[in-house]
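Asker: Below are the structure tokens for one structure; questions will follow.
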4 protein chains.
Amino acid sequence: MSERPRPRDLGVRLGVLPVGLHNAITDVPGVAVGHVSLIEGESVRTGVTAIKTHLGNPFREKTRAAAFVLNGFGKTCGLAQVEELGVLETPILLTGTLNVPRVADGLISWILRQNPDVLSVNPVVGECNDGYLNDIRGRHVREEHVFAAIDGATGGPVEGGVVGAGVGMTCYGFKGGIGTASRRAGDHTLGALVLANFGAKEELRIDGVPVGRELGESREPGDGSCMVILGTDAPVDARQLKRLARRGGLGLARTGSYASHGSGDFILAFSNQHGSMRDEELNPLFQAVVEATEEAVIDALFRAETTRGRDGHVRESLPIEPTLAILRRHRDF
Amino acid sequence: MSERPRPRDLGVRLGVLPVGLHNAITDVPGVAVGHVSLIEGESVRTGVTAIKTHLGNPFREKTRAAAFVLNGFGKTCGLAQVEELGVLETPILLTGTLNVPRVADGLISWILRQNPDVLSVNPVVGECNDGYLNDIRGRHVREEHVFAAIDGATGGPVEGGVVGAGVGMTCYGFKGGIGTASRRAGDHTLGALVLANFGAKEELRIDGVPVGRELGESREPGDGSCMVILGTDAPVDARQLKRLARRGGLGLARTGSYASHGSGDFILAFSNQHGSMRDEELNPLFQAVVEATEEAVIDALFRAETTRGRDGHVRESLPIEPTLAILRRHRDF
Amino acid sequence: MSERPRPRDLGVRLGVLPVGLHNAITDVPGVAVGHVSLIEGESVRTGVTAIKTHLGNPFREKTRAAAFVLNGFGKTCGLAQVEELGVLETPILLTGTLNVPRVADGLISWILRQNPDVLSVNPVVGECNDGYLNDIRGRHVREEHVFAAIDGATGGPVEGGVVGAGVGMTCYGFKGGIGTASRRAGDHTLGALVLANFGAKEELRIDGVPVGRELGESREPGDGSCMVILGTDAPVDARQLKRLARRGGLGLARTGSYASHGSGDFILAFSNQHGSMRDEELNPLFQAVVEATEEAVIDALFRAETTRGRDGHVRESLPIEPTLAILRRHRDF
Amino acid sequence: MSERPRPRDLGVRLGVLPVGLHNAITDVPGVAVGHVSLIEGESVRTGVTAIKTHLGNPFREKTRAAAFVLNGFGKTCGLAQVEELGVLETPILLTGTLNVPRVADGLISWILRQNPDVLSVNPVVGECNDGYLNDIRGRHVREEHVFAAIDGATGGPVEGGVVGAGVGMTCYGFKGGIGTASRRAGDHTLGALVLANFGAKEELRIDGVPVGRELGESREPGDGSCMVILGTDAPVDARQLKRLARRGGLGLARTGSYASHGSGDFILAFSNQHGSMRDEELNPLFQAVVEATEEAVIDALFRAETTRGRDGHVRESLPIEPTLAILRRHRDF
């Protein structure tokens, strides 16, 4: 587990809304996260992350959901049915690009095992491309890893950085991966979990400060992708969840993203509460989406450690002290 | 191979546009179709169908494409990238619902084998649910079947009925499966291939005649789905292909479909020609979409033979002679 | 008012679901329809039709709604907000193409008059092009006509054919205009009202019978458009209403439409009941959409009388007796 | 005309791409902008802005276009046809919310006058709500104002701030209105023009600096809307223009927007060049969209002067010196 501090531990406060207990998507009651990291030999640097939307049987108790595709250059599966029916019927799985079918197949197995009569299920699996550090063509994730990620999912603090689906990811030229954050929006909680794998170094902004530019010259273009998972206990329906999802991109923009051509940016939002609320009441949730998404990306960067992978490729971690020094020069903290 | 005649062989003419040489999607130059049928023991009744959009390397020479989702209650994968970039980069594969990830994984393998440097690819796989006849939970399709379907794809006549992905399908209460048809639209050809697995018996219409109702009482509700693949050599771009795809549903409607809740109806249209044409010239193609889709569904019904599958389930074929008798009573032919 | 009989009066039964009391959109409790027809001199052949979704103040008690655009080559206004918020806040108005802004402005006036504090409102106005019979460039509809259409709206039987927005329309080469129909779907009612202005003569099908082809040669291509308004008292939400709207095109297809390039085909669905129902219960409503849309188009054709308009243009009515003779030859009634 | 300086005149540099000659949408060759400002008595504070996409007849030479709706709580008209056909056939007009139909009607008149045979045209009119300063219910814009805005459109420097459609607008709690900016992206130019009328004071960021928060307490919530018009001479097609439009929201996010519930945020992108370019080449254009949109909003704020309107309402301008002082404290310039 990453020993590196989270941004808020170091005084980096993004946005103005109050934060949940763990500053994690698991602050939404019932939500659980599990990771399986595959780090083997010189070239296997990949994994699986599972987000359970509630504690029950996901197929029997479906979860309201909607997606927004900011940039569809990606391989996420399962979104057509989410759009049509407005529900999830599986946990949400994240992994490396070419593992998607194997993870989806494992997810089907997990659902079939739990539901002996089921003849159809819509696995939802998102991805980013970990091909720089990982032997992506090897597709090293197997069914047992999927099961372990789902069955090992827990509430409480969420591991971030180089873990689960995040093991092989790169973000703003530094080591990326899993990040999370949460916000209180009135009586409700909204949490974000990102798989951050996008952006060029010089584009990075933290709290608006052009940290990337000041950290020095970039050596390479930033492609890659981002998956944003948003969960809430606000009783919003699928149409409203789509409104939430559409704001996810605004959170990415705050960190510097312009959604480059190669960056498949998908935002998936779910609510595990029934009932309804008025659209006029959504503003705190909208703001929470932007803040939590922004912070989750920065969280991934702070927590991810330098990682060496295939063909001797190395992805350096964000240098914490220089980053804080830049932030201090621009802000008072 | 089915010994049953195709509708046009029996004088059933749907629509008014001229028909291509094989009355098949392969009338579009360069398009090839391959099937692998899995019929094993009492309960394996499934398969794979591959549609190659041209003769070259699909990843290197991408194919313009667009999709329309009439009813998103389905598990087709790969559409987000098609929507974003307007191209296919793999053959289109069809199979039974729970096989989708395994087929997608096999399709990735096929692309990786052909392209040693590729680190990302967007497999497009459509599906219908063959769970009535097939041990669907067993997910019996393996990589070797995917390879065989793609590598065995050919131009010329296309097998239909109980073949490939169509082995376990049901349509309008009768045995369904694969059907195809084509139309000439001015200087261009448009072909349709369907995986037909939808509708209740009493809804079936052939050339507008309520054949299903007259064939007698139905024993069960008609859910299921339909995949419609449209190919053309008209130089239409992705926006125009989406216009074509949107007409696919109108062809299904002519056969009696009201796109029932459980019927995941997806239409995917592609063009393997570069260049451009004006929207004002699209009407013959629109009409061709409706006619070819309509006829492809009826083609599947005519060609599919009675099939026995898991748990003693039997799906009877459309009775040809009574059907023709009904058609003759309503039409002059 | 049209003296011509409606199709069902003559024994033409489309679909199988039971019909509401008036076989009209007004069978949905609370729904009211009003028409103002502008027939002046040689060349003014246009009008306005208003559909009130309930008896209250439409701005204060918003109505759940969703739209599906089968072919967006049209000028309907107001749909972006319907998509975002899932509600209507005005009556739905229909008119000739170039009148849309004037009708929208009149609709704003009507809302402002009724709501002294309102500073924003989203007028929803649909249209078809009546330029063949009408001096469309003259934009002859004024605010007083809009007010009269809305304030004159009533429940009960709905005038059809050459009335309101339908005065100048053409459908399948014959005089078109306003048509309506309704269906009972379980405990609920669904009604359709169409402004029918599309299709070429030879494409027309009635109950699947190729009536247009048998009525003889066509003299002209069929462009034009169709507006389909669907109302129900089923407690469906905006996502589900979009599912209903998507089936409207299937009803048009049954009458022969392939949604030609120039045919702006818009379907707008609303529910004036709160509450919720499960997607699994929607099939009767889906079927009702298809049947009611189909019948509403045929209703418009049966009821519309031959009309002479600008520049001596004449649009002949559908010849009832030959049509019935063709139907009798193909069907038993 | 505003005497206030533009941000770049004061050393405020947003983004990194080079700027066009006038730092305006008119840097795209052929693009022209015209304004008519209505400032009469105590309570008329509204206007019209016209953007011509090229120098020719817009109906005869249609302009490739696409829109993205970030938040559809708005009354923009004409987008359905843009989505379907991928083209504009009129200039783009902007105005206050309730004027949209009158401006659309005037725009139709302008097209009809120019094109004696036209029987159909799709007016595209965007809006924001100027009801705080303006007697919005009065709908004071008339046809003559529309004609004057279009016919007065010119290339070269573009007036900004309290002008045209911007007369009555509010942005981030300060006086808003029209802003513009441009970027060079490789061999191409991309320009943005915004009608900025959104956001609460404390949300405002300039170059990432939380200027709004530091300027002191806010007195009111920020609703309102934003129209973003993007023009380019890059030969992008409608699908690619939609990709560009989707990045417009990211530019708004950089200024602090979270797209509040009441903020109808529409982005409309056009290209006046034929030809084609590869998606792999779009990144500079994507970046240009984000930078130009961001700067156009800030441009509107810098240029807009304090304005008094109906009922004694006053909207103060952004205080330039305190703003610059805050920026200097956080940045080196």
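Asker: With just the Cα atoms defining each centre, how far is segment A:47-78 from segment B:258-321? Give it in Å.
Answerer: Cα centroid of segment A:47-78 versus Cα centroid of segment B:258-321: 30 Å apart.
Asker: Related question: For a quick check: with amide H placed at 1.01 Å from N, whose amide H comes under 5 Å from residue A:188's, ignoring anything fewer than 5 positions away on the same chain?
Answerer: Excluding prolines and chain starts, which carry no amide H, there are no hits.
Asker: For segment D:32-40, what does the Karplus curve 6.51 cos²θ - 1.76 cosθ + 1.60, with θ = phi - 60°, yield as ³J(HN,Hα) per residue in whole Hz, taken in order and with x for Gly and Pro?
Answerer: Computed from phi, the couplings for segment D:32-40 are 9, 10, x, 10, 10, 9, 10, 10, 9 Hz.
Asker: Further question on the same structure: With a 1.4 Å probe on protein heavy atoms only, work out how much accessible surface C and B bury together, total over both chains, in Å² to the nearest 100.
Answerer: Summing both sides, the interface buries roughly 2900 Å².
Asker: Stretched out fully, how many nm does the piece from residue C:60 to residue C:214 gain, at 0.36 nm a residue minus the Cα gap?
Answerer: This chain segment gains 50.3 nm when fully extended.
Asker: If you don't mind, another one. Using Cα positions and a limit of under 17 Å, work out the lysines in reach of residue A:175, with same-chain residues fewer than 8 apart set aside.
Answerer: A:201
Asker: By DSSP, what percent of the beta bridges with both residues in chain B are antiparallel, rounded to the nearest 5?
Answerer: Among the beta bridges of chain B, antiparallel pairing accounts for roughly 80 percent.
Asker: Turning to a different aspect of this structure: How much of the accessible area of the protein assembly as shown, in percent, comes from carbon and sulfur atoms when a 1.4 Å probe is used?
Answerer: 48
Asker: Kindly provide the pair-distance distribution of segment B:7-327 built from C-alpha pairs, with 20 Å bins from 0 and whole-percent values in order of increasing distance.
Answerer: Computed distribution, short to long bins: 38, 57, 5.
Asker: Got the residue D:138 label distances to the other copies yet, label 7 Å along Cα→Cβ, in nm, shortest first?
Answerer: Nearest to farthest, the other copies are at 3.3, 7.4, 8.0 nm.
Asker: Also: Measuring nothing but label to label, 7 Å from Cα along Cα→Cβ, what are residue B:235's distances to the other copies in nm, shortest first?
Answerer: Distances between equivalent label points, in nm: 1.3, 5.7, 5.8.
Asker: If you don't mind, another one. Sum up the charges of everything whose Cβ sits under 13 Å from the Cβ of residue A:149, counting Lys and Arg as +1 and Asp and Glu as -1, but leave residue A:149 out.
Answerer: That sum, taken over residues with Cβ under 13 Å, equals -1.
Asker: Now, a different point. Any chance you could check segment C:235-255 for residues losing 20 Å² or more of accessible area when the partner protein chains are in, compared with the chain on its own (1.4 Å probe)?
Answerer: C:239, C:243, C:246, C:247, C:250, C:253, C:254
Asker: Could you check which residue among B:269, B:192, B:253 shows the biggest mean-square fluctuation in a GNM of chain B with a 10 Å Cα cutoff?
Answerer: B:253
Asker: How big is segment B:201-295 by Rg and Dmax over its Cα atoms, in Å?
Answerer: Values for segment B:201-295 (Cα only, Rg and Dmax): 15.5, 51 Å.
Asker: Can you list the equivalent-ellipsoid semi-axes of the protein assembly as shown, largest first and in whole Å, using the square root of 5 times each Cα gyration tensor eigenvalue?
Answerer: 46, 41, 26
Asker: Further, regarding this structure: Label residue B:325 and residue A:144 with points 7 Å out from Cα along Cα→Cβ: what is the distance between them in nm?
Answerer: 6.2
Asker: Under 13 Å from the Cα of residue C:242, which aspartates and glutamates turn up, not counting those fewer than eight places away in the same chain?
Answerer: Hits, sequence-local ones excluded: A:83, A:84, C:83, C:84, C:279.
Asker: Evaluate the charge dipole of segment A:223-275 about its Cα centre and quote only its size in Debye, nearest 20, assuming +1 on the Cβ of each Lys and Arg and -1 on the Cβ of each Asp and Glu.
Answerer: Taking the Cα centre of segment A:223-275 as origin, the dipole is about 220 debye.
Asker: Let me ask another. Under a 10 Å cutoff between Cα atoms, tell me which one of C:190, C:282, C:133 has the largest fluctuation in the Gaussian network model of chain C.
Answerer: Highest fluctuation of the listed residues: C:282.
Asker: On average, how much accessible surface per residue is there in the protein assembly as shown, in Å², for a 1.4 Å probe, leaving out ligands, DNA and RNA?
Answerer: Result: 29 Å² of accessible area for each residue.
Asker: Put the label 7 Å from Cα along Cα→Cβ for residue A:156; what are its distances to the other copies, in nanometres, shortest first?
Answerer: Label point to label point, same position, other copies: 6.6, 7.1, 7.2 nm.
Asker: Averaged across the residues of B:64-77, what count of C-beta atoms belonging to other chains lies within 10 Å of each residue's C-beta?
Answerer: 5
Asker: Next up: Figure the gain on full extension for residue A:42 and residue A:114 (residue separation times 0.36 nm, minus the Cα-Cα span) and round it to one decimal in nm.
Answerer: Result for the pair: 22.3 nm of gain on full extension.
Asker: Go ahead and set up a Gaussian network model of chain C, Cα springs under 10 Å, then flag whichever of C:33, C:48, C:16 fluctuates most.
Answerer: C:16
Asker: At 7 Å along the Cα-to-beta-carbon direction for both residue C:280 and residue A:154, put a label point, then send me their distance in nm to one decimal.
Answerer: Placing both labels 7 Å beyond Cα along the Cβ direction yields 3.6 nm.
The values are calculated or read from the model by the stated rules, or taken from the named source; none is laboratory data. Because the structure is predicted, anything quoted here is derived from the model rather than measured. No Cβ is skipped: glycine too gets one built from the backbone with ideal geometry, and neighbour counts run over all protein chains shown. All accessible areas refer to the heavy atoms of the entire protein, side chains included, with ligands and DNA or RNA removed. Shrake-Rupley method; radii C 1.70, N 1.55, O 1.52, S 1.80 Å.
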